[in-house]
Amino acid sequence: MAFQRDKFKNFLNLLKTIQGLSPEEIAVAENFILEERLSELREDSYERFLTSPIEISDWNFNHEEYVTNKIKLLQGQGIPETFTDINRLNWLPDLEPNQMLIRVENLEQLVEVVRYNVDLTQLIDYFTNYIENKDQDSADVIKDFLFHCNSFRDLRPAFVGFWGEVKDLLDNNVNDWPNKLRNRFGLGHLDPFNGKPIPILVFRYRVSDVIQFAKPPNQNFAAIPTVLDSILSPYFCPTPQGWTEGQTLDLSPGTAGDYAFNLEILHRYIEYNIDYVYRLGWITEAPGKTCEEARRIHFEYIKDDFKYADQL
């Protein structure tokens, strides 16, 4: 468990006494109780953003402030704490360079962030024409769009999975692959609550592309995710100390016997390249499991590997 020192007593008490709230809020507290991967230096960095006495509303605000100031850095402001020495114990310097990674983006959100001068419907047509036909006019528009994306995006760590674990969906273009990919990667926030389909853009590139983009290329290009590397999310599950990669929350429909673990890691910012564009699809339905049900099954499998699992 993280935050065991006396100076975090109020914070730890808050985490342990969260009751009567939504399953999602309880899940976020559970993640901090189980987290085993934070060095004291990383905890001290987080402490600067905690108020005392602390309440739930304070914590939500404090965490957002931490992420804004230490994780979602703008270009030219350094690198996120995820890849600095205070998080060294979670670095993954020995990844096979030829492994293929998969990154999923909500295309509609990308357009909103970039404020691009082509509307979403037109852009989807361009991506479709490029992916299916390698249309050169479409390629020119996409290159310009990705240039703007790279200019506006911050340097937050990218959550990615491995192509080898989902190629059965993507390589063969399996029917309904966007919903199935969302479920396998635990991307529960991609849920069309209002019935409006969500367009997703899938990038595929090699570990070596990430290594080469890090300036200068060095060992701190990838890491195992922790609770401090992104916004508070019930769909994130911490990884026991002895494990060598993160594990996604499987939101696929089915019983506990059907549950599958998929690897996930974080890597440093990389500029999106048209050569990385791999698939475009639509998420059209809710996840196959609720967050609460998926977490119950997930922790049934790995609970014994956590030192403080008995405190849940």
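The values are calculated or read from the model by the stated rules, or taken from the named source; none is laboratory data. For clarity, every value in this text was computed on a predicted model and none was experimentally measured. Backbone-built Cβ (ideal geometry, glycine too); neighbour counts: all protein chains shown.
Which of the following residues is under 25 Å from Asn69 (Cα atoms) and in contact with a strand residue (DSSP E or B) (Cβ under 7 Å, 6 or more places away or on another chain): Phe185, Phe152, Phe159, Phe203?
Numbers: Phe185 fails: under 25 Å from Asn69 (Cα atoms); Phe152 fails: in contact with a strand residue (DSSP E or B) (Cβ under 7 Å, 6 or more places away or on another chain); Phe203 fails: under 25 Å from Asn69 (Cα atoms).
Of the residues listed, the single one that is under 25 Å from Asn69 (Cα atoms) and in contact with a strand residue (DSSP E or B) (Cβ under 7 Å, 6 or more places away or on another chain) is Phe159.
Only one of these conditions is not met by Asn98: (1) touching a residue at least 40 places away in the same chain (Cβ under 8 Å); (2) touching a Phe, Trp or Tyr at 6+ places or on another chain (Cβ under 8 Å). Which number is it?
Against the list (1) touching a residue at least 40 places away in the same chain (Cβ under 8 Å); (2) touching a Phe, Trp or Tyr at 6+ places or on another chain (Cβ under 8 Å), Asn98 comes up short only on (2).
Checking the structure you have, find out if any residue of region 210-221 is at pLDDT 95 or above, more than 15 Å from Asn183 (Cα to Cα) and in a loop (DSSP other than H, G, I, E, B).
Yes, region 210-221 contains at least one residue that is at pLDDT 95 or above, more than 15 Å from Asn183 (Cα to Cα) and in a loop (DSSP other than H, G, I, E, B).
Just to verify a result, which residue in region 227-255, among those that are within 14 Å of Pro287 (Cβ to Cβ) and crowded, with 17+ Cβ neighbours inside 10 Å, is farthest from the chain's Cα centre (by Cα)?
Ser252
Part of a helix (DSSP H, G or I) and either more than 21 Å from the chain's Cα centre (by Cα) or closer than 30 Å to Phe147 by Cα (or both): does that describe Val28?
no
Among the listed residues Leu120, Leu34, Leu41, which satisfies the condition of being closer than 30 Å to Phe11 by Cα and out of contact with any Phe, Trp or Tyr (no Cβ under 9 Å at 6 or more places or on another chain)?
Every option except Leu41 fails the conditions.
Given the criteria modelled with pLDDT under 95, in a helix (DSSP H, G or I) and surrounded by fewer than 18 Cβ atoms within 10 Å (Cβ to Cβ), does Val118 qualify?
no
Just need a number here: residues in region 44-76 that are basic (Lys, Arg) and surrounded by fewer than 17 Cβ atoms within 10 Å (Cβ to Cβ).
1
From the list Ala286, Ala223, exactly one residue is hydrophobic (A, V, I, L, M, F, W, C) and over 18 Å from Asn106 (Cα atoms). Which is it?
Among Ala286, Ala223, only Ala223 is hydrophobic (A, V, I, L, M, F, W, C) and over 18 Å from Asn106 (Cα atoms).
Restrict the check to region 91-107 and report whether at least one residue is exposed (fewer than 14 other Cβ atoms within 10 Å of the Cβ), among the aromatic types (Phe, Trp, Tyr) and under 22 Å from the mean Cα position of the chain (by Cα).
no
Name the residues in region 73-90 that are within 19 Å of the chain's Cα centre (by Cα) and in a loop (DSSP other than H, G, I, E, B), would you?
Residues satisfying the conditions are Leu73, Leu74, Ile79, Pro80, Thr84.
From the list Asp168, Asp137, Asp119, exactly one residue is under 29 Å from Tyr235 (Cβ atoms), free of Cβ contacts under 8 Å to residues at least 12 places away in the same chain and out of contact with any Pro (no Cβ under 8 Å at 6 or more places or on another chain). Which is it?
When all the criteria are applied, what remains is Asp168.
Which is over 30 Å from Ile224 (Cβ atoms) and under 21 Å from the mean Cα position of the chain (by Cα), of Val111, Val141? Give the derivation first.
Working: Val141 fails: under 21 Å from the mean Cα position of the chain (by Cα).
Answer to the check: Val111.
Of Leu41, Leu15, which residue is assigned to a helix (DSSP H, G or I), surrounded by fewer than 16 Cβ atoms within 10 Å (Cβ to Cβ), hydrophobic (A, V, I, L, M, F, W, C) and touching a helix residue (DSSP H, G or I) at 6+ places or on another chain (Cβ under 8 Å)?
Leu41
Only residues that are without any contact (Cβ under 8 Å) to a residue 60 or more places away in the chain and either over 30 Å from Lys215 (Cα atoms) or touching a helix residue (DSSP H, G or I) at 6+ places or on another chain (Cβ under 7 Å) (or both): list them for region 241-288, please.
Selection gives Gly254, Thr255, Ala256, Gly257, Asp258, Tyr259, Phe261.
For the subset of region 157-209 comprising residues that are assigned to a helix (DSSP H, G or I) and over 15 Å from Met100 (Cβ atoms), which member is farthest from the chain's Cα centre (by Cα)? Explain how you work it out, then say what you get.
Of all residues in region 157-209, those assigned to a helix (DSSP H, G or I) come to 163-170, 177-184, 207-209.
Checking which are over 15 Å from Met100 (Cβ atoms) leaves us with 177-180, 182-184.
Details: Trp177: 19, Pro178: 17, Asn179: 17, Lys180: 17, Arg182: 12, Asn183: 13, Arg184: 13 Å.
My answer is Trp177.
Hey, can you tell me all the residues within region 205-223 that are touching a residue at least 60 places away in the same chain (Cβ under 8 Å), out of contact with any helix residue (DSSP H, G or I) (no Cβ under 6 Å at 6 or more places or on another chain) and not acidic (Asp, Glu)?
Arg206, Val207, Ser208, Val210, Ile211, Gln219, Ala222
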